[in-house]
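Following: one structure in structure tokens, then a few remarks.
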Amino acid sequence: MPPADVPPRRASPPEEDFILEVEGLHKEFPLPRGLTGTLRRRPRKAVHAVDGISFDLRRGEILALVGESGCGKTTTALTLMGLITADEGTIRFNGQDVTHLGERAGDRPRASIAQVNGRMYRKEPSVFPAITMKRLRRQMQMVFQDPYESLNPRATVLESVAEPLEVHAVTRSREEKLARVRQALEDAGLSPAEAFMSRRPHELSGGQRQRVVIAGALVLEPVLLIADEPVSMLDVSIRAEILNLLDELRARRGISILYITHDLATAAYFTDRIAVMYLGRIAEIGPTRRVLAHPQHPYTRALLSVIPVPNPRMRRQRIILGGETPNPVDLPGGCRFHPRCPLAFDDCARTDPPLILVGAEHQAACLLADPG
Amino acid sequence: MGVADPQPPLLEVRHLSTHYVTDEGVFRAVDDLSFRVMKGESMGLVGESGCGKTTAMLSLLRLLPAAGRIVSGEVLLEGRDLMALDEAEMRALRWDRLSMIFQGAMNALNPVRSVGDQIGEALVIHGLAPGLGAAAPRVGELLEMVGIPRSREAHFPHQYSGGMRQRAMIAMALACSPQVVIADEPTTALDVMIQAQILELLERLQRELGLAVILVTHDLSVVAELCHSVLVMYGGALAEYSNVDRIFNDPRHPYTRLLLSAFPDLSRPEGKLISIPGHPPRLNDLPPGCRFAPRCPQAFDRCRLESPSPRLVEPGHWVACHLYEEAALDAAG
């Protein structure tokens with residue numbers, strides 16, 4: 001363990017250690033003002049979906065991004081995948097800035113629209129990248145939440161899993177394609193692969209469908225997998241097998257995984273680090289064991305206390321936060337958690353606490369957090 | 001059968017079987033299910049999707065879809081057999097004595113009528129108020145009971161958040177002060193914090209109103225937090241039935257054991273998640289012996305030939321498994 005005063009990130013390890021580095025990522029979605037609003041020149045409002053988050057992901061690491069609905073976890077994932085453009089901040093993949101990649105070769109890099117003090121301006125990308133977003137997606141793939149909706153019901157498993165190979169024109173011959181698909185299916189735990197290739201989604205169970213979706217992501221041999229709530233639609237008895245599969249993929253292929261979930265309990269099982277998000281910011285980030293054993297942010301503590309424990313002998317006091325996550329349009333001043341925080345005091349309404357180091361690699365954004 | 005109690009049960013279900021008759025054959029969705037619920041007790045009904053939980057509950061209310069048939073069994077509510085009532089009597093009793101919070105019901109609110117009106121309607125239909133106007137005080141009271149301010153009564157469902165809509169559904173289920181409330185996956189689509197709020201609400205209402213609650217869920221940890229007794233269903237039949245402490249700390253049925261180990265438990269994060277291999281049986285094509293035998297790590301010859309019926313292995317603890325023999329009769333208490 002490094003001494004506590006060394007910043008956890010940027011203790012200048014070689015860049016190659018990180019597969020993904022995100023810094024100061026912002027994304028907001030402007031709301032329509034309506035006719036009266038436009039005529040009266042009311043300031044344009046926006047949903048602050050992601051409001052300045054930074055984190056990184058090491059090679060072969062599994063990081064959980066945890067939070068309630070509307071906290072910005074999925075927006076973060078979509079921004080990383082280049083499916084929506086970031087307003088501000090940089091995303092580095094393999095040490096290369098990929099924030100503003102164009103979709104196809106020859107495309108202008110995408111500029112973004114940013115807003116400062118109510119004025120909109122066009123932000124030109126800082127780099128002219130050599131690769132395209134499409135090319136980049138060979139190396140990072142995403143698994144979505146609902147295996148019932150993310151497969152084409154009329155395509156066979158073979159067709160679904162082979163599609164990325166065709167889109168990216170990776171394989172030259174049919175044999176090569178078949179071999180890649182077979183490998184991907186078996187890596188996703190569908191074995192023997194031949195038995196599944198000609199089936200259609202309705203002939204598969206929920207767990208098998210999610211495995212097919214994962215195989216479709218694996219077939220391009222990505223180095224980074226973004227899994228957005230991959231088990232929340234699945235029955236409890238098959239959740240474990242999908243989570244164990246993700247853990248196994250990391251062990252076998254050295255793949256890095258960003259696991260997005262609202263469920264701290266599943267994250268606890270197989271992730272290395274946890275980042276807890278609240279209203280577009282990271283409230284606390286640190287090694288999984290540490291965050292679970294010594295949560296520093298009151299929000300993390302509350303989240304942990306309400307997770308039901310499957311043991312009736314351990315019924316305990318829950319810290320139930322009143323109300324729901326506030327609307328990310330009108331963010332509260334000061335600490336954004338203070339209106340719901342059981343420990344809030346005067347200063348919390350005024351000061352927006354930055355993430356500070358509270359232990360080895362463990363940071364929390366709270367005025368009460370104990371440094372060191 | 002029940003979890004040993006001297007007073008008569010509020011709700012007693014005896015040998016209930018419900019089948020769906022379809023073109024693809026007969027689906028034996030509920031097979032010989034028996035349990036009892038006391039006043040003020042909450043029972044968890046647990047099992048994987050498609051194991052017959054919801055069908056069993058719809059059978060109690062006699063609200064099965066057209067293909068559903070209650071083949072046999074008795075449902076005694078305060079001593080009256082619901083299966084013997086005619087439709088008019090059943091309609092009078094439904095909601096009044098026995099109500100249900102349906103799965104995904106928070107999305108079933110009528111979008112063009114205010115929430116207050118929709119709750120008031122239930123009161124008017126059951127003759128508890130002559131008109132919507134007269135129902136207003138009770139509607140306000142019901143909303144406050146579930147933690148929604150009276151002032152939100154005139155609002156429409158789209159002005160409510162998911163958690164509030166679920167609260168409104170609970171208020172609606174409680175409109176006629178029923179004795180038994182069946183909550184089918186009441187928190188499944190909700191965030192953990194909202195889930196905790198709803199569970200706390202159910203717990204409080206149960207304590208204050210002396211309600212009996214049947215909580216239908218696939219989430220064992222919710223059951224551990226809230227319920228007194230637990231019935232584990234597998235493939236339409238009872239697998240294990242006992243009080244909550246025995247189910248979690250001394251489970252006997254191999255399925256219950258596997259289900260528990262498949263569940264992430266924050267209190268022991270070092271543990272490994274174990275998945276249950278295979279799939280639940282198709283209810284129109286059940287295996288000849290025990291339904292769990294094809295997936296059971298402890299199955300032996302008898303399991304593949306003979307279907308085990310529930311046996312009392314100790315007072316108040318029923319297990320349907322050939323690994324256990326009926327306990328001595330005097331223990332049945």
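The values are calculated or read from the model by the stated rules, or taken from the named source; none is laboratory data. Everything numeric in this text was worked out from a predicted model, so none of it was measured. Glycine also receives a Cβ, built like all others from the backbone with ideal geometry; neighbour counts cover every protein chain displayed.
Could you check segment A:195-280 for helices (runs of 4 or more DSSP H) lying wholly inside it with 1 or more residues that are surrounded by 23 or more Cβ atoms within 10 Å (Cβ to Cβ) and touching a Gly at 6+ places or on another chain (Cβ under 8 Å)? Lay out the reasoning, then the answer.
Values: elements: A:206-218, A:236-253, A:264-270.
The helices (runs of 4 or more DSSP H) meeting that bar are A:206-218, A:236-253.
Condition check ((1) at pLDDT 90 or above; (2) away from chain A (no Cβ under 14 Å)) across all residues:
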site: B:PHE156; (1), (2): yes, yes
site: B:LEU190; (1), (2): no, no
site: B:LEU215; (1), (2): yes, no
site: B:SER221; (1), (2): no, no
site: B:SER229; (1), (2): yes, no
site: B:ALA237; (1), (2): yes, yes
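Yes/no matrix, rows are residues, columns are (1) loosely packed, with under 15 Cβ neighbours inside 10 Å; (2) free of Cβ contacts under 8 Å to residues at least 60 places away in the same chain; (3) among the aliphatic types (A, V, I, L, M):
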{"position": "B:ARG28", "(1), (2), (3)": "no, no, no"}
{"position": "B:ASP32", "(1), (2), (3)": "no, no, no"}
{"position": "B:VAL37", "(1), (2), (3)": "no, no, yes"}
{"position": "B:LEU58", "(1), (2), (3)": "no, yes, yes"}
{"position": "B:VAL75", "(1), (2), (3)": "no, no, yes"}
Worksheet entry | Restricting segment A:74-89 to residues that are outside any loop (DSSP other than H, G, I, E, B) and touching an Asp or Glu at 6+ places or on another chain (Cβ under 8 Å), the residue that is surrounded by the fewest Cβ atoms within 10 Å (Cβ to Cβ) | A:GLY89
Item to complete: Give the residue that is farthest from the other protein chains (Cβ to nearest Cβ), with candidates limited to residues of segment A:256-283 that are closer than 23 Å to A:GLY24 by Cα and of a type in the set (D, E, K, R).
Response: A:ARG281
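Which one is modelled with the lowest pLDDT among residues in segment B:178-188 that are buried (at least 19 other Cβ atoms within 10 Å of the Cβ) and within 14 Å of another protein chain (Cβ to nearest Cβ)? Walk me through it before giving the result.
To start, the set of residues in segment B:178-188 that are buried (at least 19 other Cβ atoms within 10 Å of the Cβ) comprises B:178-187.
Okay, now just the ones that are also within 14 Å of another protein chain (Cβ to nearest Cβ), so B:185-187.
Details: B:GLU185: 88, B:PRO186: 88, B:THR187: 83.
Selected residue: B:THR187.
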Item to complete: Kindly establish whether B:ARG62 is among the basic types (Lys, Arg) and crowded, with 19+ Cβ neighbours inside 10 Å.
Response: no
Discussion item. Quick check on B:PHE263: is it at pLDDT below 90, in contact with a Lys or Arg (Cβ under 9 Å, 6 or more places away or on another chain), of a type in the set (A, V, I, L, M, F, W, C) and not in a strand (DSSP E or B)?
Written reply: yes
Practice prompt. Give the number of residues within segment A:294-331 that are within 11 Å of chain B (Cβ to nearest Cβ), modelled with pLDDT of 90 or more and more than 21 Å from the chain's Cα centre (by Cα).
Written response: 1
Worksheet item: Here are some residues: B:ILE148, B:ILE125. Which one is without any contact (Cβ under 8 Å) to a residue 40 or more places away in the chain, surrounded by 17 or more Cβ atoms within 10 Å (Cβ to Cβ) and β-branched (Val, Ile, Thr)?
Response: B:ILE148
Worksheet item: For segment B:269-279, does any single residue satisfy the condition of being more than 8 Å from every other protein chain (Cβ to nearest Cβ) and more than 30 Å from A:SER305 (Cβ to Cβ)?
Response: yes
Worksheet item: Within segment A:47-57, can one find any residue that is part of a loop (DSSP other than H, G, I, E, B) and either on the phi > 0 side of the Ramachandran plot or not polar (S, T, N, Q) (or both)?
Response: no
Practice prompt. Any residue in segment A:162-187 that's under 18 Å from A:MET133 (Cα atoms): show its pairings with residues that are β-branched (Val, Ile, Thr) and modelled with pLDDT under 90 at Cβ separation under 6 Å, as long as the two are six or more apart or on different chains.
Written response: A:LEU165/A:THR171
Discussion item. Residues that are free of Cβ contacts under 8 Å to residues at least 40 places away in the same chain and over 30 Å from A:VAL66 (Cβ atoms), at least 1 per element: which helices (runs of 4 or more DSSP H) completely within segment B:192-252 meet that?
Written reply: B:192-209, B:244-249
Worksheet, complete the sentence: Note on A:CYS366: of the conditions (1) within 28 Å of A:TYR269 (Cα to Cα); (2) more than 8 Å from chain B (Cβ to nearest Cβ); (3) at pLDDT below 80, unmet is (3)
Worksheet item: Can you tell which of B:ALA175, B:ALA134 is small (Gly, Ala, Ser), over 18 Å from the mean Cα position of the chain (by Cα) and assigned to a helix (DSSP H, G or I)?
Response: B:ALA134
Worksheet, complete the sentence: Of (1) out of contact with any helix residue (DSSP H, G or I) (no Cβ under 9 Å at 6 or more places or on another chain); (2) surrounded by 18 or more Cβ atoms within 10 Å (Cβ to Cβ), B:ARG268 fails just (2)
Worksheet item: What are the residue pairs meeting all of these: first residue in segment A:83-99, first residue under 11 Å from A:GLU28 (Cα atoms) and of a type in the set (Asp, Glu), second residue modelled with pLDDT of 90 or more and assigned to a strand (DSSP E or B), Cβ atoms under 6 Å, and 6 or more apart or on different chains?
Response: A:ASP87/A:HIS26; A:ASP87/A:LYS27; A:GLU88/A:HIS26
Discussion item. If I filter segment A:221-255 down to residues being small (Gly, Ala, Ser) and more than 14 Å from A:GLN141 (Cα to Cα), which single residue comes out as farthest from the other protein chains (Cβ to nearest Cβ)?
Written reply: A:GLY254
Discussion item. Just to be sure I understand, how many residues within segment B:292-311 are touching a helix residue (DSSP H, G or I) at 6+ places or on another chain (Cβ under 6 Å) and among the polar types (S, T, N, Q)?
Written reply: 1
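Quick one: is A:GLU194 free of Cβ contacts under 8 Å to residues at least 40 places away in the same chain and either within 11 Å of chain B (Cβ to nearest Cβ) or of a type outside the set (Lys, Arg) (or both)?
Values: free of Cβ contacts under 8 Å to residues at least 40 places away in the same chain: yes; either within 11 Å of chain B (Cβ to nearest Cβ) or of a type outside the set (Lys, Arg) (or both): yes.
So A:GLU194 fits the description; yes.
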Discussion item. Looking only at segment A:323-372, count every residue that is more than 29 Å from A:PRO287 (Cβ to Cβ) and outside any loop (DSSP other than H, G, I, E, B) and tell me the total.
Written reply: 2
Worksheet item: Between residues in segment B:160-177 that are away from chain A (no Cβ under 12 Å) and closer than 21 Å to B:ALA129 by Cβ and residues that are among the aromatic types (Phe, Trp, Tyr) and assigned to a loop (DSSP other than H, G, I, E, B), which pairs lie under 7 Å by C-beta distance while being six or more apart or on different chains?
Response: B:ALA168/B:TYR160; B:CYS176/B:TRP95
